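Notes to accompany the following structure.
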Amino acid sequence: MAQKVVLKIMTMTDDRTKQKAIEAAADIYGVDSIAADMKDQKLTVIGKMDQWRW
């Protein structure tokens, strides 16, 4: 079952930090989609992520 995780990223204030956050989330095994909201500084990650598998 897919999980939805919303992360508050306080340092996501410009396009460079947004791209770094997206790239870091994309490296996690099982991530299906990533959405970034610059206004609220939130990163939404959806997928079958395993917290014990890196």
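Every read-out reported here was derived from the displayed coordinates using simple, explicitly stated rules and does not represent laboratory data. Every value quoted in this text rests on a predicted model; they were computed, and no experiment measured them. FYI the Cβ positions are ideal-geometry reconstructions off the backbone, even for glycines, and counts take in every protein chain you see.
For the reader, a short list of remarks on this structure follows.
- Its residue count N fixes a reference of 2.2 N^0.38 Å for the chain, and the Cα radius of gyration divided by that reference is 1.10.
- All lysines inside 16 Å of K4 as judged from Cα atoms, apart from same-chain residues fewer than 8 positions distant: K42, K48
- If R0 is 22 Å, the Cβ-Cβ spacing of D40 and A2 corresponds to a FRET efficiency of close to 0.50.
- Sites listed here are trypsin sites (Lys or Arg not before Pro) in the chain whose DSSP assignment is loop and whose Cβ has at most 14 other Cβ atoms within 10 Å: K39, K48, R53.
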